[in-house]
Amino acid sequence: MFFVFFTVFLSHAQLSGVEYDSKQFSQFKASRTYVLLTGDQKFDSEMQAAFADVWKITPYEFMNPNDFEAKMPDKSASFLLFIDIYFDKGEQEHFLTLINGGKKKFKQYNYLDFISYCPLNYWLNEPKNIDCAFRVRSMIQSMLQSIEIVEKNSISGNYYKIEEKLKKVYNKKAPNISKKTLLICEDGIGTKLPKSDISGIYPYKFEMCNKEKIEQVIKDKNTDYCYLQVASTKKKSLYVFDAATGEVLYYDFSPAFGGMNIKKSHLEDLVDAIKGK
């Protein structure tokens, strides 16, 4: 997914990924990445710090969003920015997205152009795009790692095949979660999973917390923690991120995963993955 707000109306768009051997992938690797600032001091400072620390894949610079439209047709450029997608019936999706330059109009971009992306927890505790500032370092790290995984494993196919292959790579790491304290943000999981239920399902160490605690362990690169992250927009995904590295240790997504709230069954699936089932 930086950081101006764009709206694309794609009523019948189909989510798709970029294959490791595609022209888009090669174009990105040869590009200079422009990171769009938002004007929000906290978010922009967190993004700048994250890039200085972890971004090694392309040269980069930060861009005033007013300059984006003129630079957008440049095929030697790539862009990191927020994209908001609105569908019929009020449905919507919100992403931090990495795209290549080369199109004359922004409305020509769609899912097929996403080099890498990270969904927001829009319906729960990230109603504004900049509300993800507390974890943006992890978002950047995980986006870079997804690119590396797709390339290293020569992953190809349509979106769903890429999604399933990435899920298998991520979930092989799930047993590592048991060695860390799992942070669960109280305002980020909905209302259907109280702490008493979590204690009865999750047999490992966990801590209910706020965004500030997660932000701090990410900044400290604390290897003792990982954190549960919901991404609730039109669809819903569930992740566990390593707080120190941004590595995805668990991932779950399916078209039937809907609804805003995390439920007992979702946590049971996580425990099964940790146990290697």
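The values are calculated or read from the model by the stated rules, or taken from the named source; none is laboratory data. Values in this document were obtained by computation on a predicted structure and should not be read as measured data. Positions of Cβ are backbone-derived with ideal geometry, glycine not excepted, and every protein chain shown enters the neighbour counts. Ligands, DNA and RNA are excluded from the accessible area calculation, which covers all protein heavy atoms including side chains. Shrake-Rupley method; radii C 1.70, N 1.55, O 1.52, S 1.80 Å.
What part of the accessible area of the chain, given as a whole %, is carbon or sulfur when the probe is 1.4 angstrom? Please list the in-between numbers first.
Working: 5950 of 12510 Å².
That share works out to 48 percent.
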Nearest-20 debye value, the chain charge dipole, Cβ charges on Lys, Arg, Asp, Glu: 600 debye
So for the pair Ser22, Gln92, with labels modelled 7 Å out along Cα→Cβ, what separation do we get in nm? 2.6 nm
Express the accessible area of the chain per residue in Å², computed with a 1.4 Å probe while the remaining protein chains stay in the model. 45 Å²
In nm, what is the difference between 0.36 nm times the number of residues separating Ile57 and Gln108 and their Cα-Cα distance? 15.8 nm
Overall dimensions of segment 144-210 by Cα: Rg and Dmax, Å: 16.0, 43
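In square nanometres and to one decimal, what's the mean projected area of the convex hull around the Cα atoms of segment 138-277? Don't skip to the answer; put the middle values down first.
Values: hull surface 32.8 nm².
Projected area, direction-averaged: 8.2 nm².
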Percent relative contact order of segment 50-163, based on C-alpha pairs within less than 8 angstrom and at least six residues apart? 21 percent
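Taking the Cα centre of segment 174-277 as origin, work out the dipole magnitude from +1 charges on Lys and Arg Cβ and -1 charges on Asp and Glu Cβ, in debye rounded to 20.
On the way: 16 positive and 14 negative charges, 44 e Å.
For segment 174-277, the charge dipole is close to 220 debye.
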In whole Å, how far is the Cα centre of segment 105-134 from that of segment 37-101? 9 Å
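Exceeding 29 Å between C-alpha atoms, which entries from my cross-link table qualify? They are Lys128/Lys168; Lys152/Lys263; Lys172/Lys235; Lys107/Lys173; Lys219/Lys277; Lys213/Lys263. Don't skip to the answer; put the middle values down first.
Numbers: Lys128/Lys168 31 Å; Lys152/Lys263 34 Å; Lys172/Lys235 23 Å; Lys107/Lys173 38 Å; Lys219/Lys277 33 Å; Lys213/Lys263 23 Å.
The answer is Lys128/Lys168; Lys152/Lys263; Lys107/Lys173; Lys219/Lys277.
Translational diffusion coefficient of the chain at 4 °C, 1.567 mPa s, Stokes-Einstein with Kirkwood Rh over Cα pairs, in µm²/s as a whole number. Before the final figure, lay out the partial values.
Working: Rh = 19.0 Å.
It diffuses with D of about 68 µm²/s by this estimate.
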Shape category assigned to segment 83-186 from the gyration tensor of Cα positions, a/c cut at 1.5: oblate
With all protein chains in place and a 1.4 Å probe, Thr191 shows an accessible area in Å² (nearest 10) of 120 Å²
